[in-house]
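The values are calculated or read from the model by the stated rules, or taken from the named source; none is laboratory data. On a predicted model such as this, the values are computed, not experimentally measured, just so you know. Here the Cβ positions follow ideal geometry from the backbone for every residue, glycine too, while neighbour counts run over all protein chains shown.
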Amino acid sequence: MKQIVLGAFLMGILWGCSQENKEQAGSDPPIKKEVSEAPKSTDPMDNKGVGPITSLELGPIDQAMVDEGKTIYDQMCTACHKADEKFIGPAPAGIMTRRSPEWVMNMILNPEGMVREDPIAKQLLVEYNMAPMANQGLTEDQARKILEYFRTLE
């Protein structure tokens, strides 16, 4: 009796395996999706951030813009930023060697979007005790003048 049960069991397994092989033989091979996306750069200078500024060409430093940018910075930014030391927010001194001009302007113009979507801005938010940068409602012209001022800070 044991031999009959064991035989029936083995026959069932063999029959099931043969059915599975027939189904696989008649089906199309799995499709492989190739991703041709280039790896993203980890160089922060390649990161343009999230916001309206996608490209920015910098020429020689414009002293009139620097002066206006410093005035705007002193009025709008010094509650949280000191030019050359860590405060509530990071110091802008040397920022132009660490971030792209587009990133800096997008951070000024779109801090909410940057903190939501940009990996560097997210990291800074954590580093600075989850104190998000306030959106001061500055225009692109004002942000560009602040950027020009930042270019003079080392």
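Annotations
- Residues satisfying the stated conditions in the range 73-100, i.e. in a helix (DSSP H, G or I) and more than 15 Å from residue 154 (Cα to Cα): 73, 74, 75, 76
- When residues of the range 85-114 are limited to those that are surrounded by fewer than 18 Cβ atoms within 10 Å (Cβ to Cβ) and under 19 Å from residue 52 (Cα atoms), the one farthest from the chain's Cα centre (by Cα): 112
- So residue 61, is it at pLDDT 95 or above and out of contact with any Cys (no Cβ under 9 Å at 6 or more places or on another chain): yes
- If you go through the range 128-154 and keep only what is on the phi < 0 side of the Ramachandran plot, free of Cβ contacts under 8 Å to residues at least 12 places away in the same chain and either not hydroxyl-bearing (Ser, Thr, Tyr) or not in a loop (DSSP other than H, G, I, E, B) (or both), you end up with just 141.
- Figure legend. Inter-residue proximity from the range 78-91: first residues at pLDDT below 95 and among the aromatic types (Phe, Trp, Tyr), second residues surrounded by 14 or more Cβ atoms within 10 Å (Cβ to Cβ) and in a loop (DSSP other than H, G, I, E, B), beta-carbon distance below 8 Å, spacing 6+ or different chains. Indicated pairs: 87/80; 87/81.
- Residues in the range 110-154 that are within 18 Å of residue 66 (Cα to Cα) and either of a type outside the set (D, E, K, R) or at pLDDT below 95 (or both): 138, 139, 142, 143, 146, 147, 149, 150, 152, 153, 154.
- Residue 125, sole failed condition from (1) of a type in the set (A, V, I, L, M); (2) free of Cβ contacts under 8 Å to residues at least 12 places away in the same chain; (3) loosely packed, with under 14 Cβ neighbours inside 10 Å: (3)
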